[in-house]
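Read through the structure below, which is laid out as structure tokens, and then see the notes.
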Amino acid sequence: MRVAFGRFTFDTETRELLDADARVHLSPKAFALLTLLLERRPTVVSKREIHDHVWQDTFVSEASLSVVIAEIRQVLGDDSRQASFIRTVHRIGYAFSGPAQDLAAVRPTHRTEERLCWLVRNDRAYPLTPGPNIVGRDPRSDVWVEASGVSRRHARLDVDAESTTIVDLESSNGTFVGGQRLTGPRRLADGDVVELGAASLTFRAWADARAARTERVVRPGS
């Protein structure tokens, strides 16, 4: 399972939680619990089911569950009073809340067409690679945009074999597509204009199946 939410990417195959492009540590119990909540989202998971899944046959007090929930919230920067990700259902259990998007774990082995996409700014093309692409003012970003109003880690574009989705990474000035501010993940279409602070970029996508046939040029005397 590979899921993107907020500025985070959670991957059970690589056993990683990434904050933008930085790896974040989670204890094994916290990783197992977050996996369960993401798999069952947005369903409420009972405390009994959580105990059976995370601790299995080991008896632990309810305080142990509270400690693991607190660890997850601390790592995600989630406030229990105004939860963005981990919602408490008193006396029952917990649920993952907020927008989240499933990402392709791997690119297809066999493809019927080649799909390429990139961002264009001031006639310069920034190719996007499969998986998450961080856009921001940090020179280490996948797409480095040096302009006023752009945050160090401003937005993330998730590229898979079928689509490209953009999500704002809690930037100071927000991310806009077609003049509308993002409030959650949004799928991009060829030609969409993405605005980050004072920077404007155009999303472009190529597919062999949609490419126009090359016109034959007839030269004099040929």
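The values are calculated or read from the model by the stated rules, or taken from the named source; none is laboratory data. Here the structure is a predicted model, which is why all the values come from computation and not from measurement. Counting neighbours? That spans all protein chains shown, and the Cβs are built from the backbone with ideal geometry, glycine included. Ligands, DNA and RNA are stripped out before the accessible areas are found, and what is left, the full protein with its side chains, is counted by its heavy atoms. Shrake-Rupley method; radii C 1.70, N 1.55, O 1.52, S 1.80 Å.
Please tell me if residue 149 is surrounded by fewer than 17 Cβ atoms within 10 Å (Cβ to Cβ), within 17 Å of residue 102 (Cα to Cα) and touching a Gly at 6+ places or on another chain (Cβ under 9 Å). Before you say what the answer is, go through the steps one by one.
On the way: surrounded by fewer than 17 Cβ atoms within 10 Å (Cβ to Cβ): yes; within 17 Å of residue 102 (Cα to Cα): no; touching a Gly at 6+ places or on another chain (Cβ under 9 Å): yes.
For residue 149, the condition - surrounded by fewer than 17 Cβ atoms within 10 Å (Cβ to Cβ), within 17 Å of residue 102 (Cα to Cα) and touching a Gly at 6+ places or on another chain (Cβ under 9 Å) - is not met.
Conditions (1) basic (Lys, Arg); (2) on the phi > 0 side of the Ramachandran plot, marked per residue:
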residue: 131; (1), (2): no, yes
residue: 149; (1), (2): no, yes
residue: 153; (1), (2): yes, no
residue: 179; (1), (2): no, yes
residue: 185; (1), (2): no, no
residue: 196; (1), (2): no, no
residue: 201; (1), (2): no, no
residue: 204; (1), (2): yes, no
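Residue 29 fails exactly one of the following numbered conditions: (1) at pLDDT below 90; (2) open to solvent by 70 Å² or more (accessible area, probe 1.4 Å); (3) over 30 Å from residue 152 (Cβ atoms); (4) not small (Gly, Ala, Ser). What is the number of that condition?
Residue 29 satisfies every listed condition except (1).
Every residue, every condition in (1) farther than 28 Å from residue 152 by Cβ; (2) open to solvent by less than 80 Å² (accessible area, probe 1.4 Å); (3) at pLDDT below 90; (4) in contact with a Leu (Cβ under 7 Å, 6 or more places away or on another chain), yes or no:
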site	(1), (2), (3), (4)
22	no, yes, yes, no
41	yes, yes, no, no
67	yes, no, no, no
73	no, yes, no, no
76	no, yes, no, no
82	no, no, yes, no
98	no, yes, yes, no
106	yes, no, yes, no
110	yes, no, yes, no
